[in-house]
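Step one of this worksheet: look at the structure below.
The values are calculated or read from the model by the stated rules, or taken from the named source; none is laboratory data. Please read these numbers as outputs of a predicted model, since none were measured by experiment. Counting neighbours? That spans all protein chains shown, and the Cβs are built from the backbone with ideal geometry, glycine included. Calculation scope for accessible area: heavy atoms of the full protein, side chains included, ligands and nucleic acids excluded. Shrake-Rupley method; radii C 1.70, N 1.55, O 1.52, S 1.80 Å.
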Amino acid sequence: MFACFGTNTMAQSLSGVESVEYDPINNRYLASSDNSAIVSIAPDGSLSYFGSGTAASHGMEIFGGMLYAINGSQIRAYDLNTEAQTFSQTISGAQFLNGMASNGVDSIWFTDFSGSDIYAMDVNDPSDYTMIAQNIGVTPNGIFYDGANNRCVFVTWNAGKIKAMDLNSYQITDIVSNTGLSNIDGIDRDDFGDWFISTWSPATITKYASDFSSSETIPVSVVQ
């Protein structure tokens, strides 16, 4: 998930936010920041650290009362109520883990930005992880689980494509081969089925129709 925050308090306290997840159990947002700390954002905008010595450098997912987070070459899990770490699994051979998606039940998928790979993990057995797509020829970044179509949709750095990976065959195909953008960072979908991608070049958010047939730039106002 990606988000933009625009308050002076957060501008002074957060920088380089990589991922933001809503915690429905405790009515707060959790953000991974550029110092690899997990920051809790209360409804009134006040900030505090999540847990003690916890860390998340990039993608995160919340489901089943747990927070799953990427930190370097590790996948970590934390209990949302106690904020205690429940596991830390090193992904052997990973170069730069970045985006994460989940089915909300038992599985997560995550991208290796530098390795051009995609992995899957059963969170009930963190040692059960598999590289399901290797050397895919692009730099995968944000990823989203699209259960209705049995696929993961992901975005790429550099060329700025939107691609799909079938979860039966692991075949990868283009959804939008030329977005006209570059350095796409994140992807998410709303309750209406519309898609949103965030990019660095230009620094903007683009909304796509549910079938990716049309797109529009979403104005984003940030208070410095």
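Identify all residues within the range 89-119 that are under 21 Å from residue 171 (Cα atoms), acidic (Asp, Glu) and in a loop (DSSP other than H, G, I, E, B); write none if there are none.
Across the range 89-119, there are no qualifying residues.
Kindly indicate the residue of the range 149-169 that is open to solvent by 50 Å² or more (accessible area, probe 1.4 Å) and hydrophobic (A, V, I, L, M, F, W, C) and also nearest to residue 103 (Cα to Cα) among those meeting that condition.
Per the criteria, the residue is 157.
Across the range 27-56, which residue is modelled with the lowest pLDDT among those that are in a loop (DSSP other than H, G, I, E, B), under 27 Å from residue 155 (Cα atoms) and open to solvent by 70 Å² or more (accessible area, probe 1.4 Å)?
The qualifying residue modelled with the lowest pLDDT is 34.
Taking the criterion of being more than 17 Å from residue 94 (Cα to Cα), of a type in the set (A, V, I, L, M, F, W, C) and in contact (Cβ under 8 Å) with a residue 12 or more places away in the chain, would at least one residue in the range 107-118 satisfy it?
Scanning the range 107-118, I find no residue that is more than 17 Å from residue 94 (Cα to Cα), of a type in the set (A, V, I, L, M, F, W, C) and in contact (Cβ under 8 Å) with a residue 12 or more places away in the chain, so the answer is no.
Just to verify a result, which residue in the range 9-26, among those that are over 18 Å from residue 203 (Cβ atoms) and either among the β-branched types (Val, Ile, Thr) or open to solvent by less than 80 Å² (accessible area, probe 1.4 Å) (or both), is modelled with the lowest pLDDT?
Of everything passing the filter in the range 9-26, 9 is modelled with the lowest pLDDT.
Would it be correct to say that residue 195 is of a type in the set (Phe, Trp, Tyr) and over 21 Å from residue 102 (Cα atoms)?
No, not satisfied.
Looking at (1) surrounded by 18 or more Cβ atoms within 10 Å (Cβ to Cβ); (2) part of a loop (DSSP other than H, G, I, E, B), which is the only condition residue 191 fails?
(1)
Just the residues that are part of a strand (DSSP E or B) and either among the β-branched types (Val, Ile, Thr) or open to solvent by less than 20 Å² (accessible area, probe 1.4 Å) (or both), please, taken from the range 69-88.
Hits for the range 69-88 are 69, 70, 75, 77, 78, 86.
Within the group 205, 172, which residue is closer than 20 Å to residue 113 by Cα and open to solvent by less than 70 Å² (accessible area, probe 1.4 Å)?
172
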